[in-house]
Amino acid sequence: MSRPPGALSVDQMLAQARSRLQRLTPAQAYEALAAGALLVDIRPDWQRAEEGEVPGALLVERNHLEWRFDPECDARLPEATGYDVQVIVLCSEGYTSSLAAAALQILGLHNATDAMGGFRAWVAQGLPVTPVHDHIVGTSSRGERG
């Protein structure tokens, strides 16, 4: 089977997305969070329940992200104050977050990026983690690669 003209593989999509990002290590993301950046955890509820959460992170599941951060959308979060907001996207392993951060850049949030290695790398670096909280924006089903 041959790929249709113009179509990309998922690996090519990921490489293209990452080429536009200034990705952060989990330690750099933690420092940016302390300095006022928004850390946005896009993992689904079931994954956060299994893995834990980052204190201070906004919880916005992936399928709601663009609507919650478009500064001109009626469904935006109060934290979506403009196009200069630094948004750092966090998923489980750092794959979905790269694609999501690139989507936020397409919306004009030029400071959007992600944390390399995701939540698992965050934990491996010994950064703060808490048990799951009740504040969830959106829902999702199992089966997403995070």
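What follows draws every value from the coordinates through simple rules; no lab data is involved. Because the structure is a prediction, the values reported are computed rather than measured. So basically every Cβ, Gly included, is an ideal-geometry build from the backbone, and we count neighbours across all protein chains shown.
One table, with the values for the structure above:
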item	result
Rounded to the nearest 20 debye, dipole of the chain from Cβ charges on Lys, Arg, Asp, Glu	500 debye
Highest average packing first - 74-81, 38-45, Cβ atoms within 10 Å	38-45, 74-81
Amide H contacts under 5 Å for Asp114, placed H, 5+ residues apart	Leu24, Val89
Separation between Cα centres of region 89-125 and region 27-44, rounded to whole Å	10 Å
Protection proxy ranking of 18-28, 55-65 - average other beta-carbon atoms within 10 Å, highest first	55-65, 18-28
Principal axis dimensions, the chain - Cα atoms, whole angstrom, descending	46, 32, 28
